[in-house]
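Have a look at the structure below before the remarks.
Quick note: the coordinates plus some simple rules give every number you see, no bench work behind them. These numbers were taken from a predicted model, which means no experiment stands behind them. Glycine gets a Cβ as well: all are built from the backbone with ideal geometry, and neighbour counts include every protein chain shown.
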Amino acid sequence: MRWFRIRSASVDSRYRKTFEQYGAVGMQILLGIPNSRIRLDEGKDIRTDNDLPGILSWLTEQYDRAERKETWLITMEVAITVFVGVELLIEGWRLYFHC
């Protein structure tokens, strides 16, 4: 579970923009294809084999973001459930002792 810290990838802004356009799943697919190429905005191609550390660190960052989002959603669901449960107990106690 990751509540706060995200491991930040030190990736060039041109690469980051392209990685975000392809998305995490697209980049994972390209990593599975040997000698695949990614076209940057300037028309330059990079090979996934040559920039593997950058892609992997960017994918780690994306995974951390998704994990943090999921962790906070679960935390909020638990907090709401606890608050509703406490409210039910208080109302049940009031109903029992005031009747």
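Values computed for the structure shown
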{"item": "Potential extension, Glu87-Lys44 segment - 0.36 nm per residue separation minus Cα distance", "result": "9.4 nm"}
{"item": "At R0 = 30 Å, FRET efficiency that the Cβ-Cβ distance of Arg16 and Val78 yields, to 0.05", "result": "0.35"}
{"item": "Least to most buried among Thr71, Thr48 (fewest other Cβ within 10 Å first)", "result": "Thr71, Thr48"}
{"item": "Equivalent ellipsoid dimensions for the chain as semi-axes, Å, which come from the Cα gyration tensor, largest first", "result": "49, 11, 10"}
{"item": "GNM flexibility winner over the chain from Ala79, Ala24, Ala66 (Cα, springs under 10 Å)", "result": "Ala79"}
{"item": "Helix 13-32 vs. the chain, principal-axis angle (Cα, 0 to 90°, nearest 10)", "result": "90"}
{"item": "Cα-based helix-to-principal-axis angle, 52-98 vs the chain, degrees rounded to 10", "result": "10"}
{"item": "Two-site label geometry, Leu95 and Asp51: point separation in nm, points 7 Å out along Cα→Cβ", "result": "6.1"}
